[in-house]
Amino acid sequence: MRTKILTLVILIGILHITNAQDNVDTNEMVGFACYYEGSPSKTVEKFTRKLKIKDYKWISKQLTSTNNAEKYMSVITLEKLTEIRKYSPNETELELIAKIKKSTDLVSVCSGCIYFQKVELKNMFTDEMRTMASNWLNNNFKSD
């Protein structure tokens, strides 16, 4: 009996995880440690590569992307570059950043094996959500 209950609980959990994953768009996802192996999402990987080659112009262009994950990553990356004085955004970029930080457009977010959600862009900039990006930012902005 105990085994049947445990099996049922595990099955319900798997179905819940699968259902949560169906709710998100993996091509438009922000995740710094997703799934069982803790892998970054495709968008995070793309931004990591662009940062390594210092393609700040490409990063800036993503402020106007149709992909909300790219918009988010562009904002946090440009803000960090500005903070460490490696980039100086122009007026248009500052306006786009402000608009994105107020946007109610949805972005898919993942963390670990079970957290998959759609979140309004404006909520991605809260302190709680910023902690998700803090390790990535710290690792990618070590002093040169």
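Readers should treat all values here as calculations from the given coordinates under stated rules, not as data from a laboratory. Fair warning: this is a prediction, and the values are worked out from it, not measured in the lab. Note: ideal-geometry Cβ built from the backbone for every residue, glycine included; neighbour counts use all protein chains shown.
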Q: Calculate how large, on average over all directions, the projected area of the Cα convex hull of the stretch 27-144 is; give the answer in nm² to one decimal.
A: 6.8 nm²
(Q) Could you work out how much longer the chain between CYS113 and LYS52 gets when fully extended? Use 0.36 nm per residue separation minus the Cα distance between them, nm to one decimal. (A) 19.2 nm
Q. Rounded to the nearest 0.05, what FRET efficiency is calculated for ASN123 and ASP25 with R0 set to 25 Å and r the Cβ-Cβ distance?
A. 0.90
Q: Determine which lysines satisfy two conditions relative to LYS122: a Cα distance under 20 Å, and not lying fewer than 8 residues away in the same chain.
A: LYS61, LYS71, LYS80, LYS99, LYS101, LYS102
Q) How much length, in nm to one decimal, is gained on full extension between LYS101 and ASN135, taken as 0.36 nm per residue of separation minus their Cα-Cα distance? A) 10.2 nm
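What FRET efficiency, computed as 1/(1 + (r/R0)^6) with R0 = 25 Å and r the Cβ-Cβ distance, is obtained for LYS61 and GLU37, rounded to the nearest 0.05? Numbers along the way, then the final one.
Working: r = 30 Å, r/R0 = 1.21.
The value I calculate is 0.25.
Any of LYS42/LYS142; LYS54/LYS118; LYS86/LYS118 with alpha carbons more than 24 Å apart? Name them for me.
Values: LYS42/LYS142 22 Å; LYS54/LYS118 30 Å; LYS86/LYS118 32 Å.
Correct reply: LYS54/LYS118; LYS86/LYS118.
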